[in-house]
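Here's the structure, in structure tokens; my notes come after.
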Amino acid sequence: MYSDDIGCPKSDFSKWRLRTTPLGAQKWEYDPHDPHDTQDNLTKYLLGMPDFEPPKHNKPTPETILEATKWGADFFKSIQDPKSGTWPVQYKGPMFMTIGYVVCSYFTKTPIPEHEKQELIRYIVNTAHPVDGGWGLHEVDKSTCFGTTINYVILRLLGVPPDHPTCMKARKTLHKLSGALGNPHWGKAWLAVLNLYNWDGVNPAPTELFALPYSLPIHPMKWWVHTRAIYVPLGYLSTARIQCELDDTLRAIRTEIFVQDFDKIDWSRHRNNVCGVDLYYPHTKILDTVNSLMVTYEKWIRPKCVLEYSNKKAYELILKELKNTEYLGIAPVSAAFNSVVLYHVQGPNGEDFKKSMARYKECLFLGPSGLTVMGTNGSQVWDSAFFIQYFFNAGLAELPQYHEVIVNSFRFLVRSQFDTECEPGSFRDKRKGAWPFSTKEQGYTVSDCTAESIKAIIMVMNSPAFADVHQEYELEKLHDAVDVLLSLQNVGSFEFGSFSTYEKIKATPLLELINPAEVFGNIMVEYPYVECTDSSVLGLSYFNKHSQYRDADIKLAISRAIDYIIHSQRPDGSWYGCWGICFTYAGMFALEALHEVGSTYANSDVVKRGCDFLVSRQLEDGGWGESMKSSETHTYVSTKESLVVQTAWALIGLLLAEYPNKEVIRNAVNLITRRQRETGEWKFEQVEGVFNHSCAIEYPNYKFLFPIKALGLYVKRYGDEPL
């Protein structure tokens, strides 16, 4: 690794331990004092340790497709965490998460242990652009002002000197990008909190918005959950003009990240100055006008009593968010801003502040290239629900060798179902009965995670092979889940029949005209997603086959959702995906949902066009590969070589659609089995996920889940065949 080449210190990986809880929390600890506390095999796998022991087989390679499927299943089984029933992974990619942890620690004078520092530094060094040494919005992005600034600042705050090779190279790139003045809104805000920027140069985020009557269509608690969760604490910090105490390190950084003399900068002239490389979503004239009016209001009109009142309202919302999420927050960006506010209000001994900082550690995850802050505290529920389903789909779940691992995940899903509602006054919908993306303690309902969990639970409960755990769950609890899921369907004025992620659409998408983030699109309100709609169809349909609860409501919801999926298809037969890359991912889900209602290649023009689109993108080696550029440009962009995960996605869609050309399908199977290692595993090839169109994120368990499902479905349709 590059960090080794340039001599970056590295912690002793043999001293790291991953601690988990039955609810799926994950936390890394270092240097255990108990001699009996040995490093388990899962940790060895996650860290790439040479003494990791993969499953052993009595032959060098599998001989049939079913055997290859089982070898993959055996490997995946071997890396389950038995304590939680989950598969911990480094859910990484975004390069703007770690700044929150480092700023919180620096601002609050909370020491970061040396072993953590070393691994945080290694990760940033190892993800620097190989040519210019900068960083982008995500790991595989071009170098941007935002990514380069904040990761340079992280290195300096962690003690890396300015003449370190990584810093020198990054600083040169940053200066070519005209320096830190070109940061987007979030970058400017973090720099302002650190006293490396003046709040006069940051567009306002007035907390008065949160004190407005909820009936107003622009009320921020009708925005997308992540956006409002960030702008509650960010609004507090910006209106209160909170900044870190200046010290010699910060003074030095001031001289390094700007191409101008810090003390001579007219900050107010740079509020709208964003580096062109960063600018994914430019300002509208409406936003610029609103910002100018708010600046005038803050500077000349706002009464002090109004400021105090609105900040009090924002602070109360922060406390409610912490209670709803067991002090985790919805995700690391808002959690970091929350912690700074809590320290400012409560001081270092505040109970809420201490709890918030302690739980933030659960977003830190270690891997071979170092330590980073993940996109959230994991993907535990999402991966576990898929695992149970896909082992059933592949005909593996009821085999005795997989019984224990299925039971472990089933019990985790049972424990993870919400059984309480949110704090009154926190502007949150009913959640009792639903499931989250990561853990129950994280506290946020997600539509597709709920739907996939419903299906996984029913599969186990209906299987005689799992009669030993049937008494551990009451199927009537799924009624609450169905109630929540039905409530999430958009049946108002926006995107009728669709499902969004956390909530139904509550405000007009025209609010995107005042999107302040500049580096992300579609963040102001909830949006409809083909993938969420597809999963919701699958969950509701499967439930409806086994229960008469709300039978008419479910059938109507499915009909509306299928209509939405059909009308979302593009003229070329594709569907645009928002949470995976991209048209391949959405195509798989859409074809599976249509399969659920009996639509196939033979009887549906929609399915035929969807299959034909995928087949037209098959590469010469038999597989599929789609670039992150597809998500950014909304146009299919192929990779040069096929990728295992995306080949599995296409294969699943074609198999469920009953695509008639077996040669096309068998070629894809051959690609997947050729890439399988002698241990049964598949290696990471390229990032699989995306969010907000512009940020790539990895789903490390996908390289097992989808190939296993795809190969198993092939065997079900065509029978077992030799490799």
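Tell me, what is the per residue accessible area of the range 97-373 in Å², probe radius 1.4 Å? Show your work: numbers first, answer last.
On the way: 10360 Å² over 277 residues.
Per residue, the range 97-373 has an accessible area of 37 Å².
What would the Debye formula give as log10 I(q)/I(0) at q = 0.11 Å⁻¹ for the alpha-carbon point model of the range 486-617, no solvent?
-0.41
Find, among the trypsin sites (Lys or Arg not before Pro) in the range 51-127, those assigned to loop by DSSP (not H, G, I, E, B) with at most 16 other beta-carbon atoms within 10 angstrom. Walk me through the intermediate numbers first.
Values: sites: LYS56, LYS70, LYS77, LYS83, LYS92, LYS109, LYS117, ARG122; in loops: LYS56, LYS83, LYS92, LYS109.
Answer by residue number: LYS56, LYS83, LYS109.
Using the 2.2 N^0.38 Å rule of thumb for compact globular proteins, work out how the range 335-436 stacks up: its C-alpha Rg over that value, please. Walk me through the intermediate numbers first.
On the way: Rg = 18.7 Å, N = 102, 2.2 N^0.38 = 12.8 Å.
Output field value: 1.47.
Which trypsin sites (Lys or Arg not before Pro) does the range 617-687 hold that lie in a coil by DSSP with at most 10 other beta carbons within 10 Å?
On the way: sites: ARG617, LYS629, LYS640, LYS662, ARG666, ARG674, ARG675, ARG677, LYS683; in loops: ARG617, ARG677, LYS683.
The qualifying sites are LYS683.
Just flag the GluC sites (Glu not before Pro) in the range 24-128 sitting in loop per DSSP whose Cβ has no more than 12 other Cβ atoms within 10 Å. Write out the running numbers ahead of the final one.
Working: sites: GLU29, GLU63, GLU67, GLU114, GLU116, GLU119; in loops: GLU63.
Answer in residue order: GLU63.
Less than 15 Å Cβ to Cβ from GLU29, Lys/Arg counted +1 and Asp/Glu -1: what total charge do the surrounding residues give?
Values: positive: LYS15, ARG17, ARG19, LYS27, LYS83, ARG359, LYS361; negative: ASP12, ASP31, ASP34, ASP37, ASP40, ASP81, GLU114, GLU116, GLU119, GLU362.
Summing Lys/Arg as +1 and Asp/Glu as -1 gives -3.
Grab the other residues whose beta carbon is less than 15 angstrom from that of ALA192, score K and R as +1, D and E as -1, and report the net.
Details: positive: LYS188, ARG241, ARG254, ARG271; negative: ASP200, GLU245, GLU298.
Around ALA192, the surrounding residues sum to +1.
Per-residue counts of other Cβ atoms within 10 Å, averaged by peptide: what ranking do you get for 567-574, 35-42, highest first? Walk me through the intermediate numbers first.
Details: 567-574: 16.5, 35-42: 12.0.
My ranking of the peptides, most packed first, is 567-574, 35-42.
State to the nearest 20 debye the size of the charge dipole of the chain about its Cα centre, where the only charges are +1 on K and R beta carbons and -1 on D and E beta carbons.
On the way: 73 positive and 85 negative charges, 239 e Å.
Here the size comes out at about 1140 debye.
Any idea which of VAL274, THR249, THR284 is furthest toward the positive side of the dipole for the range 233-285, if Lys and Arg beta-carbons carry +1 and Asp and Glu beta-carbons -1?
Of the options given, the answer is THR284.
Roll a 1.4 Å probe over the protein heavy atoms and report the accessible area of HIS595 in Å², nearest 10.
70
Could you please state how large a percent of the accessible area of the chain is carbon and sulfur, counting protein chains only and using a 1.4 Å probe?
Numbers: 14010 of 26160 Å².
Of all accessible area on the chain, carbon and sulfur atoms account for 54 percent.
So how far, in whole Å, is the C-alpha centre of the range 185-232 from the one of the range 634-707?
Taking the Cα centre of each part, the range 185-232 and the range 634-707 sit 39 Å apart.
Taking 8 Å as the Cα distance limit and 6 or more residues as the minimum spacing, I'd like the relative contact order of the chain as a percentage. Working shown, then result.
Numbers: 1326 pairs, mean separation 115.9, N = 723.
Taking the mean separation of contacting Cα pairs over the length of the chain, I get 16 percent.
Using packing as a proxy for protection, rank 315-324, 542-551 so that the peptide with the highest average count of other Cβ atoms within 10 Å comes first.
Highest to lowest by the protection proxy: 315-324, 542-551.
Which net charge results when you count Lys and Arg as +1 and Asp and Glu as -1 among the other residues whose beta-carbon is under 12 Å from that of SER642? Numbers along the way, then the final one.
On the way: positive: ARG617, LYS640, ARG674, ARG675; negative: GLU620, ASP621, GLU626, GLU641, GLU685.
My count for the surroundings of SER642 gives -1.
Could you work out how far the C-alpha centroid of the range 385-432 sits from that of the range 1-30, in angstrom?
Distance between centres, Cα-based: 28 Å.
Shape verdict for the chain, please, from the Cα gyration tensor: rounded (a/c under 1.5), prolate (a/b greater than b/c) or oblate.
prolate
Taking the Cα atoms only, what angle lies between the long axis of helix 662-675 and the longest principal axis of the chain, rounded to 10 degrees?
With both axes taken from Cα atoms, the answer is about 60 degrees.
Taking a 25 Å limit on the Cα-Cα distance, which of the listed pairs LYS320/LYS361; LYS320/LYS455; LYS222/LYS432; LYS504/LYS608; LYS10/LYS361 fall beyond it?
Working: LYS320/LYS361 20 Å; LYS320/LYS455 31 Å; LYS222/LYS432 20 Å; LYS504/LYS608 31 Å; LYS10/LYS361 20 Å.
Pairs exceeding 25 Å: LYS320/LYS455; LYS504/LYS608.
Tell me the label-point distance for the pair THR21, LYS304, using the 7 Å Cα-to-Cβ offset, in nm and rounded to one decimal.
The two pseudo-label positions are separated by 4.3 nm.
How big is the C-alpha Rg of the range 426-568 next to the rule-of-thumb value 2.2 N^0.38 Å, as a ratio? Provide the component values of the computation, followed by the final result.
Working: Rg = 16.3 Å, N = 143, 2.2 N^0.38 = 14.5 Å.
Against the compact-globule rule of thumb, the ratio is 1.12.
The values are calculated or read from the model by the stated rules, or taken from the named source; none is laboratory data. What you see is a predicted model; the values in this text were computed from it and never measured. In this analysis, Cβ positions are derived from the backbone assuming ideal geometry, glycine residues included, and neighbour counts consider all displayed protein chains. The area values use the complete protein model at the heavy-atom level, side chains included, leaving out ligands, DNA and RNA. Shrake-Rupley method; radii C 1.70, N 1.55, O 1.52, S 1.80 Å.
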